[in-house]
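What follows is a single structure, written as structure tokens, with notes after it.
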Amino acid sequence: MEEKRAVFKENAHFIAQYHPGILADELCAKVDAQKINSIDFSTRLNPLGNVFNYQQNGLDFNGLIDAAKKQIGQYPDNRYLEFRAAAAEFIGKGLTSASIVPGSGICEIIRLVLGCTLEKGDIVLTQFPSPPEYALNSMLFGARVLPLPPHELLLAEDDVLSCAKVVLLSNPANPGGHLISRKELRHFAERCAEHKTMLIVDESCIELCDPSQTLAGYTFGNDYILIIRSIAHVFSIPGLKAAYAIASEDLAQYLNNARLPWSIGAFSDVLCTAVLNMEGGINSRYLEESRQLVQSQRNYLINRIGRIYGFSPQHSDANYLLVDLKDLFMDSHTLAESLASKGFLIKDCSSFFQAEKQFVRIGLRIQEDNDLLLRAIGEVLTETSKEGARERLEVAIESAAAGSAPASRGTCQYYPCHFNGQDCTFCFCPFYACEDERTGGKWIVASSGNKVWSCENCTYVHQSRLSRQILDILMEDGDTEDNIRKAWSLVIKPLL
């Protein structure tokens, strides 16, 4: 029997099997299923909020909606002349509409450029880490992707650049948030052009940090550089699908001839054109206030999150933070799911780091929302600590029942946490949180802003005689919770 012919290309089949781990959509579905209100920190949207809700925007929203309604009964003008003119005016730098390539979003434009440049076996250089869409779209056209740390990428040897067909990077970096200076990136762009290597720079959020560092002014006469800009992120309007690229006039004309027609609908065309035409452009009151908010809340959140044990926020110039969890007792997947159960969405970055579950990305919001997130993190850590402590308590009881020695203090990096010679049978108190200040325990305010019970000055369970008595009672037949209450009543309470 004749074998059935394959419909899909091998590389397309490979991408279809790709699973990036936990997705924001999956977390949203869990939140919706629990019927709780959510606050989304997983995106890179402007923390100032939807531009149409900004009172001083000077935009007639209802009038714009009426104008768009009149256009939905006809195909858009595929040239998008007004949109392109508004984008060129917004950027400035002497650009005209002839240098603008419109598209429905960042990914569509990236796929357009890669589809026009890549052939099977070509090499694409990317930052590591970078959005998984960079690699997936490259592999879709049969390319080989070589991820390099940012400093290695920018200092790549000439023979490496000459072998690469495309270099794809984001500035500010996603998910890290570091902004490469215009001077450094311009020098790299000149080297790429010398080797006829296409440089694609995704400047999705540059307007929210330092737009003066853009390479948009260096596209004149250079057919080997393309700048991509987002409207959704900058103006916090993700429901309107529109983005644009900036290129030399020759390259822009080539891409405009090759792109999908009518990719921007009537509402997105009318509303996004109006936003780009907003008074002041890149220095509008809305964007100036946005940059001030980003800077203040970035400093605030870095300081607050950095004081939570196990959370290491990385330096960022952008409106989002990459947080390293290597010292935390839970991975990025678990933290994202735990926070989602409380209505807070953050970005699990395992898809950026080749499935390594060590990093999360947190988008900045107004301080009230940021404080709520910090409190939720504190609650998650407290609850998870209790669950882990109960598991360790069960292990301690089982070890004692099997005749094993008490827990060794020699392997504990925190010993002595109370006093030299302490008994470490119970690393975590079975009575936590007793909330009885006669023990020496007390309520304190944690770095997350929550009140937590501190046992720092309580030593009862670490005294050998008492820990043995407590353990004997916990080993008795019956429910563990009942035995804990019995041990408290018979061993600890008489001492208070």
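Bear in mind these aren't lab numbers, they're just calculated from the coordinates by the rules spelled out. In this text, all values refer to a predicted model and were calculated from it rather than measured experimentally. Neighbour counts are summed over all protein chains in view; Cβ atoms, including those assigned to glycine, are modelled from backbone coordinates with ideal geometry.
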Inter-part gap, Cα centre of segment 256-335 to Cα centre of segment 130-158, in whole angstrom, is 23
Rounded to whole Hz, the Karplus (6.51, -1.76, 1.60) HN-Hα couplings of segment 217-232, x for glycine and proline:
x, 10, 8, 4, x, 10, 8, 10, 9, 9, 9, 10, 10, 9, 9, 4
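Roughly what % of DSSP beta bridges within the chain run antiparallel, to the nearest 5?
Numbers: 21 of 41 bridges.
If we restrict to bridges inside the chain, about 50 percent are antiparallel.
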Tell me which residues come under 5 Å, amide H to amide H, from LEU199 once H is placed; ignore anything under 5 positions away on its chain.
VAL167, ILE225, LEU226
Any residue on another chain or 5+ positions along whose placed amide H is under 5 Å from the amide H of PHE128 is listed here as LEU148
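Per Stokes-Einstein, at 4 °C and 1.567 mPa s, what whole-number D in µm² s⁻¹ belongs to segment 91-245, with the Kirkwood radius over Cα pairs as the hydrodynamic radius? Kindly include the intermediate steps, with their values, before the conclusion.
Working: Rh = 15.6 Å.
The diffusion coefficient I find is 83 µm²/s.
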Per residue of segment 481-496, in order, report the coupling 6.51 cos²θ - 1.76 cosθ + 1.60 (Karplus, θ = phi - 60°) as ³J(HN,Hα) in whole Hz, putting x for Gly and Pro.
4, 5, 5, 5, 5, 5, 5, 4, 5, 8, 9, 8, 4, x, 8, 7
Electrostatic dipole magnitude of the chain [Cβ: Lys, Arg +1; Asp, Glu -1; Cα centre; debye, to 20]:
400
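In the P(r) worked out for the chain, what percent of Cα pairs fall beyond 43 Å? If you can, show how the numbers build up before the last one.
Working: 37946 of 122760 pairs.
Percent of Cα pairs beyond 43 Å in the chain: 31.
Suppose a student asked you for the relative contact order of the chain, using Cα pairs under 8 Å spaced at least 6 residues apart; what percent would you report?
Values: 839 pairs, mean separation 86.4, N = 496.
Worked out over the chain, it gives 17 percent.
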Enumerate the amide H contacts of TYR320 below 5 Å, restricted to partners 5 or more residues apart or on another chain; note that Pro and chain-start residues carry no placed amide H.
LEU364
Would you work out the relative contact order for segment 183-228, in percent, from Cα pairs under 8 angstrom that are 6 or more residues apart?
50
Nearest 10 degrees, 0 to 90: what angle lies between the long axis of helix 182-194 and the longest principal axis of the chain (Cα atoms)?
60
